[in-house]
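Colleague: Take this structure first; my questions come after.
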């Protein structure tokens, strides 16, 4: 009987941790020369935990078209999982950027 309880508890913990990993993400933010991890609840499950938000830092206000292809792709991933914006065209990413800037103010 004790073995069944231990197995049940172990399975519950494993499932809980998996769900936490799949639904909680973060990005690095540098404000006032301090590094912070900002956590968010993902709109879709994924095992990716760390995301890129190029607009999370003071003074970073590049246009979407000025981002490198890698940063743009990473930002599109962030927008998908943080805000549910599934398209990676410039208009969709500008909408995501606007949401980020509204939250910061």
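Colleague: Have a look at 26, 78, 70 and tell me which one the Gaussian network model of the chain (Cα, springs below 10 Å) gives the largest fluctuation.
Modeller: For the chain, modelled as a Gaussian network with Cα springs under 10 Å, the answer is 70.
Colleague: Using just the helices of the chain, give the 222 nm mean residue ellipticity in deg cm²/dmol: DSSP H runs with n ≥ 4 each add -39,500 (n - 2.57), and the total is spread over all residues, rounded to 500.
Modeller: -16500 deg cm²/dmol
Colleague: Here's a follow-up. Using Cα pairs closer than 8 Å and at least 6 residues apart in sequence, work out the relative contact order for the stretch 2-104, in percent. Write down the numbers at each step before the final one.
Modeller: On the way: 118 pairs, mean separation 21.8, N = 103.
Computed over the stretch 2-104, the figure is 21 percent.
Colleague: Another question, then. Can you give me the distance in nm between label points at residue 44 and residue 13, each placed 7 Å from the Cα along the Cα-to-Cβ direction?
Modeller: Spacing of the two 7 Å Cα→Cβ label points: 3.3 nm.
Colleague: What does the convex hull of the Cα atoms come to per residue for the stretch 19-105, in Å³?
Modeller: Given the Cα convex hull of the stretch 19-105, per-residue volume reads 91 Å³.
Colleague: Please work out how much length the chain gains when fully extended from residue 33 to residue 91, using 0.36 nm per residue of separation minus the C-alpha to C-alpha distance, in nm with one decimal.
Modeller: 17.8 nm
Every number in this text was worked out from the coordinates using simple rules, so none of it is lab data. Since the model is a prediction, treat every value here as computed from it, not as a measurement. All Cβ positions, even for glycine, are placed from backbone atoms using ideal geometry, and neighbour counts span all protein chains on display.
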